[in-house]
1. Any chance segment 59-77 includes a residue that's in a helix (DSSP H, G or I), open to solvent by 80 Å² or more (accessible area, probe 1.4 Å) and polar (S, T, N, Q)?
2. Looking only at segment 96-138, how many residues end up being assigned to a helix (DSSP H, G or I), at pLDDT below 80 and surrounded by fewer than 10 Cβ atoms within 10 Å (Cβ to Cβ)?
Amino acid sequence: MEDSLVNMLQKLLQQESKDMTDDYSWQEKQLKTELELTRDNLRTKEMEVLAMQRALAVKDDELKTVLGKLDEKERELKQTKEEMLKDGNDLKKLYTLAEERIGGRSIADLAIEKLQLEAAQLEVEAATSALEKLAEMS
């Protein structure tokens, strides 16, 4: 009976050992599967990060291009503004020179003076023509 009891105990221990080994194998397989899924997820995330870095680099280049264009437009605007100020100053100088030349006379006075000059030129032409006719007659 003792042998039978020892045999029974051995069988129980073997069965328990086998169950534990099966349980360990199952857990090991489960952990390996979980590890592989985690690796796949990490690879996917790494690919996503690389894609985002590339997209970010493209956007960074686009931003640099836009900022360069903005700087150029600002320089053009500044140059145009300086030219406008220069043109304004030149017009003021021209106006001052014109005022000095015409003195305190108004535009109406200048128009009358111009008409008087034209009338005088016409009188000179008429007189010249009359003299030429007199010269031809004599």
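1. There is no residue in segment 59-77 that is in a helix (DSSP H, G or I), open to solvent by 80 Å² or more (accessible area, probe 1.4 Å) and polar (S, T, N, Q).
2. Of the residues in segment 96-138, 4 are assigned to a helix (DSSP H, G or I), at pLDDT below 80 and surrounded by fewer than 10 Cβ atoms within 10 Å (Cβ to Cβ).
The values are calculated or read from the model by the stated rules, or taken from the named source; none is laboratory data. As the structure is a computational prediction, the values presented were derived from the model and not from experiment. FYI the Cβ positions are ideal-geometry reconstructions off the backbone, even for glycines, and counts take in every protein chain you see. Calculation scope for accessible area: heavy atoms of the full protein, side chains included, ligands and nucleic acids excluded. Shrake-Rupley method; radii C 1.70, N 1.55, O 1.52, S 1.80 Å.
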